[in-house]
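To start, the structure under review is shown below, and the notes come after it.
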């Protein structure tokens, strides 16, 4: 049995730094082609194992995509999905969409595909009988942890969601009961900005929509 321990004290200076870290998290699409040290990636992998997960199931499965042919297939998948997405917009919104840079697939040195293992036995099904989607939610929570941990190391992370997930899963040759949650590009940011790119290029401002709390 683990013995009790005194918790660390997170003072005002730490709290301010944490708020700054959260404020500077970015969805990065513009990377330098400089390699990321393996020791730094290993450190991130260690940290994200501390992420919350339903039943302590840790259902995330990480695939490092290094083969040129597989990366090329993912790039082609993105191009096809992006062209289809463009067709859903009209007029000025379509023109704006066409100008956005929506992935860092060409330059980012690290590509991680993040899957959820729906067949995992870890956690013994705790919390998933009534809400099986909590497995997917757990993987998303891990990604949020990874995003902040990477930012703290000076790394950028970009989430590529404009993909056909079935085609991507086939490209990466993983078990059929794994569900693709995210395709991540990781590397050193080419530039830094105080505002998110989608705000800077007038796609969507941040609002207070998510700040509203309903009372019942």
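What follows draws every value from the coordinates through simple rules; no lab data is involved. What you are looking at is a predicted structure, and each value in this text was computed from that prediction instead of being measured. Here the Cβ positions follow ideal geometry from the backbone for every residue, glycine too, while neighbour counts run over all protein chains shown.
Using the number of other C-beta atoms within 10 angstrom as an exposure proxy, rank 215, 191 with the fewest first.
Values: 215 3, 191 10.
With the sparsest Cβ surroundings first, the list reads 215, 191.
Sort 199, 110 so the one with the fewest other Cβ atoms within 10 Å of its own Cβ comes first.
Starting with the residue having the fewest Cβ neighbours, the order is 199, 110.
So, in nm, how far is label residue 21 from label residue 129 when the simple model puts each one 7 Å beyond its Cα toward the Cβ?
Each label point is offset 7 Å from its Cα along the Cβ direction, giving 3.7 nm.
With a cut-off of 8 Å between alpha carbons and a minimum separation of six or more residues, what is the relative contact order of the chain in percent?
Over the chain, the number comes to 34 percent.
Using the Cα gyration tensor of the chain, with a ≥ b ≥ c the square roots of its eigenvalues, what is the shape: rounded (a/c below 1.5), prolate (a/b larger than b/c) or oblate (neither)?
Rounded shape, in that the Cα axes give a/c under 1.5.
With a ≥ b ≥ c the root eigenvalues of the C-alpha gyration tensor of the stretch 34-80, is it rounded (a/c under 1.5), prolate (a/b larger than b/c) or oblate?
Judged from the Cα gyration tensor, the stretch 34-80 comes out oblate (a/c at least 1.5, b/c at or above a/b).
Once R0 is set to 30 Å, what does the formula 1/(1 + (r/R0)^6) return for the Cβ-Cβ distance between residue 50 and residue 72, expressed as a FRET efficiency to the nearest 0.05?
Rounded to the nearest 0.05, the efficiency is 0.30.
Roughly how many Å is it from the Cα centre of the stretch 192-212 to that of the stretch 121-143, as a whole number?
Between the Cα centre of the stretch 192-212 and that of the stretch 121-143, the gap is 30 Å.
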